[in-house]
Structures are given as C-alpha cells and as structure tokens.
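Q: Following this message is one structure expressed as structure tokens.
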Amino acid sequence: MAAVQKDFKKSVVYQIYIKSFCDSNGDGIGDLPGITSKLDYLARLGVDYLWITPFFPSPQRDNGYDVSDYCAIDPVYGTMRDFDTLVAAAHERGIGIMLDMVLCHTSTEHEWFQRACAGDERYRRFYILRDGRGSMRADDPGEPPTNWQCAFGGSAWEWEPRLGKWYLHMHDPSQPDLDWTNPEVRAACADVVRFWRDRGVDGFRFDVVSLLSKPEVIEDVPGDGSACRSLVADGPHVHEYLQELVREAGIDGMVTVGEMASSTLEHCIRYSRPESNELSMTFNFHHLKVDYAGGNKWALTEPDIASLRDIFRTWQERMQEGGGWNALFWDNHDQPRAITRFGGRELVGERGGSWEHVGKMLAIMSFSMQGTPYIFQGDELGMTNAGYASIADFDDVESKNNYRILLEGGATEEEALHVVNERSRDNGRTPMQWTAGEHAGFTTGTPWLAVPDNHVRVNAQGEEGVPGSMLEFYRALVRLRHELPVLAEGRVRFLDAGVAAPQVIAFERTLGGVRTVTVCSFDDAPCCVRGLELAGMQCMVGNYDEAPAPAEDGSLELRPFEAAIFLR
Ligand code: GLC
Ligand code: CA
C-alpha cells in the first residue's frame, strides 16, 4: 500500500504542472528531475502531497491530457528511473505523490484508437462511434450525429474515414472519448491505475471523471449544443464505474480527488462520502464562473461576490451535512490566476498594493474552509496572469480556438487579445518563477511558454525567508492548518456580515469549545462588518501588517481586500 498515508482531511496538496515547474536539461520544458531538484523547497513549504499533471507519452495537443500510452513516461519528461527516483526522494521527505489519470478519453495516437482505425472490432468497441445524420452510404459522413459542442469550441464529433463513423470527443478532436459501458474498457483502465499503484504512488487525481458515463440516448440538446456537458455530467452509471475502478485497481484507502466538470452538489456528496467508496474529495468549478458574463467564459464581467458567497455557503454547508469533502482551490492549470481575477492587479514597491492583499486574502479563505486546500504552483509566490502582447505568445488550443471565434463574432484583434489575456488557461501555465534572473530560473534554454515580466519582483528566491512575503505567509498557513484541528475538522457555518459589507464573505468553524471566524473582504474600498460575534476574539492571521481589532460592540473596520482569521 501507499508509502505515505496521511489523513487527507488534515493534508495540504501542491499541484505541479510539470511542463512549467522546473527544467533540468535546458530544453525549455519542465521535467521529472526538475521536480526532484525542488523537493526541499516543497518540504520547507510543508505540503503533504504533490499532484503531478500528466507526463505520459502524448502528442501534446492538449499538453499531456491527450495520452498515447498510459504506462510509460514521455521522454521529454524523463525516464521510469527518474520517476522512481522522484517517488523515493519524496517519500524520504514524507511527501506523497498523486498521479493524474486521464481515463475519460485517450489520444487518437493511442494504440487502442489506432487499432480501431485499422479495423480491429475489439478496439472499435472502446470508443463511441455513430453514423452521420442524413448519411446515405457507409462512406458518406453526412452531418455530425448531434449538435453537441466540445469543451474547446466546435462540434464534439469528428468523422474518421478509416472507422467509417463519427467518434465522440468531449474535448479536442485528438481526444476520443472511451466507451465506459464496455467492461473491457473499464478493466483496461483499472489495469492502468493498478500499474501506477504498484509502482509506489500514493494517490490519484481523476481527470473529468464526472463525464465517464454518457447518457443512454445520445441526442440533440437545446440551444447551441454546449449544454451537452451538463447532460453528460454525473451520467447513469458513473458511481458504479468509480466503485468498480477503486475495487479493481485496489486503491481503497489511498487519497483520491475527482475533477467534477459540470457536476451537481448531490453527486459530489455521493462521489466523496466515505460510505460510497469512490473518492476522497471532489473539485467543482462553480465558484470560478462568477466573472463569466451570462455564463460565457469568453465574455468578461467583474466577479459577482454575492453569488460567490452563495456558492461557497451552499457547497460548504451542504457538503458537510451530506458527509462529503471538498477540494479547495482558486487556481490550477485550467484557470487564469485568481489574484488577477479578484482585483490584485496593482503590484507596488517591495510590499503592499492590492496584489499582496488579494493573494493573501484568497489564501486565508481556502486554508480556513471545509475541505483540503490545494496550492497551485506559484500561488505561494503570488504569481499573476501573463499579460501577453500578442496572440502568438499563447500555446493553449482552447485559447487559440476562442480567439478565432471572437474575431469571427466581430471583435477587433485588440478586443479578442484582451479577452484571451483575461481568460486563457496559459495564465496558469507560465513557467514557475524561481528567481529574478533570466527566464525566472526555470530553464537555461528557451522556455516553451514566455515568462511574465514581473518575475523580477515575484519569485521564490526573493521571497524566501523574507518576513511578510507571500511565500512565508503560505508557509505559516500550511503550519496553522496542520496544528489547529478546528480548521481541518471544525463545523462550518456561513455568517451574515451585515448590509454595509456586501463584498465580504465570513464564516465560522467550531470544534469542541474552539471557534474561529474568517472574514474576507473582496472590496477595494474600506467597509465595516457587523454581527459576527467577534467580541473577545483574537486575530490569529491577517493580511495587513497590523492586525484588525474588533470594536467594543463587536463591529470591525476592514481595509481594502483585508482578511483575517479570529480565534477564541
Ligand atoms: C481537464 C484538464 C484539462 C484538460 C481536460 C481534458 O479539465 O484539467 O487540462 O484539457 O481535462 O483532458
Ligand atoms: Ca526538460
């Protein structure tokens, strides 16, 4: 069984986007030896597990989420020996390794798909194949079978002449979805997970796992076809399939997290409550859509804090009631940086500005809610959006597709670039900022994606050991989370901060006689909160140099983007 088995409720997970973390050989791409070389940094930060994004052989159409061989290592990232070295070195430091399993789809270059194309009946049954609409002959594609849209823009169906069929791809056309109704597919996927378990990993993250079980009848959805995602999410057999996977792969008791695209709260409870034997916890994304105008990621609007509060209240309180467990995060490799999104745009001088306050405020929030906090690489430094000058600087397929769609919709190049700069997944994929030096110390070669200019100010070396730096702040929060049981296990209840503070989110945690209150202001102006019963409480952490102090009547004046945790 896993070498590192910590209580996931008391753990902190650190996400590594391998391509951008640390390059050991100067080819401009992060790799496994690069991660090993930074284990002491991660151990000092105090994290318990590392989730490493896919490093399996892949044509890299979707940066490794298009896997062509699940049980090998892409030479660009290293060798199996490098992998074993990393696992052993992490274990020596008490850090567990979680791998990213992309089992909803393969790459079109995977042997299974290639065999299907070559006419092997067994492998044709691995994928979801349909005839075209209005097709008259076997070699006539006709129109796509349904109006479904894939996640990156465009139809979710691709015609493959060698198959004589359309295949379903919920993501890029190079990512055909697997047919999980086929027991042979389920067995093959369980073999993959068991392979890595036996190789010594400690846990898993399952990619878009809410989309495994497709509806029994595949037909048009209302509107432009993008609603197919919620139709596919939490499909009829998804819980059975997960239970079977856990059982067959023998990973019961290991830490697992599922990426729940478009999933509902009821289902997230079922995925993550212990008696289901499915997953330890779930990621959901509802809180990261509060700045989508009309639900459209590519239409900008300011974040709606009232709905952010409602989403957190609902998910926090109801997951707890149902016995489920949340994975807490603001950033990952699919998101623009939250620090920029929520107002931390102003980076002034050595300290201060909204950049510092927003970064620390977001950290305070995720480290004191119910669930397991995830740090995405660079969060702990306060890394921001990239701010690229040209579309040529971008790499991500989703960003490029949507840039084109924006232009087709009548946007000017400048407008489209602005939107993509705000929303691109590449914002979370820029190289890790280790130093103020060339390419931020990420590589001695040319980085695969350009390093943001602000690395001269925002970098690990410059923050290491500096009191009050973002890095030291994160370190303190990790320690607090380990040392204070109420933050890991206390009961959560959201509080009403009063009419004068509509941009504030406040909640309490209670365990035994201990109570904490977390207050986070998303307001760029001062405000005053009331009714939080703060009288007699001490500020334990705050994001300003001097702690905020409740007045006699229990009210509290907050500075712009101020946040604090109070304890009694
Ligand atoms: C997940 C991954 C994302 C990828 C997609 C398809 O959402 O996090 O990066 O593009 O799945 O595998
Ligand atoms: Ca490299």
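Q: For Ala389 and Lys297, compute 0.36 nm times the residue count separating them, minus their Cα-Cα distance, and round to one decimal in nm.
A: Stretched fully, the Ala389-Lys297 segment lengthens by 31.1 nm.
Q: Looking at segment 490-567 from every direction and averaging, what is the projected area of its Cα convex hull in nm²?
A: Reported value for the Cα convex hull: 4.7 nm².
Q: With Kirkwood's inverse mean 1/r over C-alpha pairs for Rh, give me the Rg to Rh ratio of segment 111-168, two decimals please. Write down the numbers at each step before the final one.
A: Values: Rg = 11.5 Å, Rh = 11.7 Å.
The Rg/Rh ratio comes out at 0.98.
Q: Of all DSSP beta bridges located in the chain, what percent are antiparallel, nearest 5? Could you put the intermediate results ahead of the total?
A: Details: 37 of 62 bridges.
Beta bridges within the chain, antiparallel portion: roughly 60 percent.
Q: Could you grab the relative contact order for segment 46-195? Cα pairs under 8 Å, six or more apart, rounded to a whole percent.
A: Once normalised by length, the contact order is 20 percent.
Q: Pairs Lys10/Lys297; Lys10/Lys360; Lys9/Lys38; Lys165/Lys297; Lys19/Lys165: which exceed 29 Å Cα-Cα?
A: On the way: Lys10/Lys297 33 Å; Lys10/Lys360 20 Å; Lys9/Lys38 25 Å; Lys165/Lys297 31 Å; Lys19/Lys165 35 Å.
The pairs that break the limit, which is 29 Å between Cα atoms, are Lys10/Lys297; Lys165/Lys297; Lys19/Lys165.
Q: What aspartates and glutamates sit close enough to Lys289 to cross-link, taking a C-alpha to C-alpha distance under 12 Å and skipping anything fewer than 8 places away on the same chain?
A: Cα-Cα hits under 12 Å: Glu302, Asp304.
Q: Shifting gears a bit: With axes computed from alpha carbons, what is the tilt in degrees of helix 238-249 against the longest principal axis of the chain, rounded to the nearest 10 within 0 to 90?
A: Approximately 90 degrees, to the nearest 10.
Q: Another question, if that's okay. With a probe of 1.4 Å, find how much accessible area the chain has per residue, and write the answer as a whole number in Å². Each step should come with its number before you reach the end.
A: On the way: 20830 Å² over 568 residues.
Spelled out: the 1.4 Å probe surface of the chain, per residue, equals 37 Å².
Q: Can you give me the angle between helix 183-198 and the longest principal axis of the chain, using Cα atoms only, in degrees from 0 to 90, rounded to the nearest 10?
A: Taking Cα atoms only, the helix is inclined about 50 degrees.
Q: Moving to a separate point now. When the scattering of the chain is computed by the Debye formula from its Cα atoms alone, each counted once and equally, what is log10 I(q)/I(0) at q = 0.08, 0.13 Å⁻¹?
A: Computed log10 I(q)/I(0) values: -0.53, -1.47.
Q: A further question follows. Using alpha carbons only, how many degrees (0 to 90, rounded to 10) separate the axis of helix 413-423 from the longest principal axis of the chain?
A: Value to nearest ten degrees: 70.
Q: Expressed as a rounded percentage, what relative contact order does segment 244-324 have, with Cα pairs under 8 Å and six or more residues apart?
A: In percent, rounded to a whole number, it is 29.
Q: For Lys38, Lys289, give me the order by solvent-accessible area with a 1.4 Å probe, most accessible first, ignoring ligands, DNA and RNA.
A: These residues rank, largest area first, as Lys289, Lys38.
Q: So, one more: Pull up all non-local amide H partners of Ile16: gap of 5 or more, or a different chain, and H-to-H distance under 5 Å with H placed in the peptide plane.
A: Amide H neighbours of Ile16: Trp51, Ile52, Thr53.
Q: OK, next. On each of the three principal axes of the Cα atoms of segment 81-199, give max minus min coordinate, whole Å, ordered largest first.
A: Taking max minus min along each principal axis of the Cα atoms, segment 81-199 gives 63, 30, 23 Å.
Q: Now for a different question. Using +1 on the beta carbon of Lys and Arg, -1 on that of Asp and Glu, and nothing else charged, what's the dipole of segment 292-418 about the Cα centre, debye to 20? Can you show the working numbers first?
A: Numbers: 11 positive and 20 negative charges, 78 e Å.
It works out to roughly 380 debye.
Q: Over segment 490-567, what relative contact order in percent results from Cα pairs under 8 Å that are six or more residues apart?
A: Value for segment 490-567: 31 percent.
Q: At a 1.4 Å probe radius, carbon and sulfur cover how many percent of the accessible area of the chain?
A: Ligands and nucleic acids excluded, carbon and sulfur reach 49 percent.
The values are calculated or read from the model by the stated rules, or taken from the named source; none is laboratory data. Here the structure is a predicted model, which is why all the values come from computation and not from measurement. In this analysis, Cβ positions are derived from the backbone assuming ideal geometry, glycine residues included, and neighbour counts consider all displayed protein chains. Each accessible area value is taken on the protein alone, full model and side chains, heavy atoms only, with ligands, DNA and RNA left out. Shrake-Rupley method; radii C 1.70, N 1.55, O 1.52, S 1.80 Å.
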